[in-house]
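J.: The structure's right below; bear with me while I get my questions together.
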Amino acid sequence: MARSVNQVIMMGNLTRDPEVRQTPNGQSVCSFGLALNRSFKGADGQWQEATDFVDVVAWAQLGERVAQYLHKGSRVLVQGRLQYRSWEQDGQKRSKLDVVAGDVTFLDGRDGGEGGSSASGGSSSAPAPAPSKKKDDIVIEDIGDEPINLDDIPF
């Protein structure tokens, strides 16, 4: 049987603060919404704007990091897959298509500006500091004489 491709890449803003809950077996799951803005030419030839809203689910450490560092309005890049769910509620069949995140890249810096870090599956990394010296393709970073505050490390 041939394999299919199920991959989604989206960049947008969180529509609400992430919500974390625990499954009965103790697994963390975080849900949040993304607003995806797009522009297109209408039938009259004028540019129009529209927004699509997508629900995203992040599991385990990825979900915990999303909930810890992101909030409503945060700009992110989400890479993941589509997942279809169906259930019965109050005698009615319900269904939903969600994005299950495999990687979330934080596009806002700590102060709300540009910059970013990535939370991938269970790890995250912050952008490296700018190199201060370079000699024969060897980068030497100046970390200064200040002690490192462990509370500033995002993982």
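The values are calculated or read from the model by the stated rules, or taken from the named source; none is laboratory data. Remember, predicted model here, so these are calculated numbers, not experimental data. Using ideal geometry, Cβ is built from the backbone for each residue, glycine included, and neighbour counts are taken over all protein chains shown.
J.: Just checking, does region 64-74 include any residue being at pLDDT 95 or above and within 23 Å of Ser4 (Cβ to Cβ)?
T.: no
J.: Starting from region 82-107, take each residue that is in contact (Cβ under 8 Å) with a residue 60 or more places away in the chain and within 21 Å of Asn13 (Cα to Cα) and list its partners that are among the basic types (Lys, Arg) and surrounded by 12 or more Cβ atoms within 10 Å (Cβ to Cβ), counting only C-beta distances under 9 angstrom and pairs at least six apart or across chains.
T.: Pairs found: Val99/Arg81; Leu107/Arg75.
J.: Any idea which of (1) exposed (fewer than 10 other Cβ atoms within 10 Å of the Cβ); (2) modelled with pLDDT of 95 or more is the one Pro24 doesn't satisfy?
T.: Here Pro24 meets the rest and fails (2).
J.: For region 1-21, how many residues are among the β-branched types (Val, Ile, Thr), in a loop (DSSP other than H, G, I, E, B) and either within 17 Å of the chain's Cα centre (by Cα) or surrounded by 14 or more Cβ atoms within 10 Å (Cβ to Cβ) (or both)?
T.: Summing the residues that are among the β-branched types (Val, Ile, Thr), in a loop (DSSP other than H, G, I, E, B) and either within 17 Å of the chain's Cα centre (by Cα) or surrounded by 14 or more Cβ atoms within 10 Å (Cβ to Cβ) (or both) in region 1-21 gives 1.
J.: Among the residues of region 76-103 satisfying the criterion of being touching a Gly at 6+ places or on another chain (Cβ under 8 Å) and among the small types (Gly, Ala, Ser), which is surrounded by the fewest Cβ atoms within 10 Å (Cβ to Cβ)?
T.: Ranking the qualifying residues of region 76-103, first place goes to Gly102.
J.: Let me ask another. For region 34-66, which positions are out of contact with any Phe, Trp or Tyr (no Cβ under 8 Å at 6 or more places or on another chain) and in a helix (DSSP H, G or I)?
T.: Matches in region 34-66: Ala60, Gln61, Leu62, Gly63, Glu64.
J.: Only one of these conditions is not met by Asp103: (1) charged (D, E, K, R); (2) touching a helix residue (DSSP H, G or I) at 6+ places or on another chain (Cβ under 9 Å); (3) not in a strand (DSSP E or B). Which number is it?
T.: So the condition that Asp103 fails would be (3).
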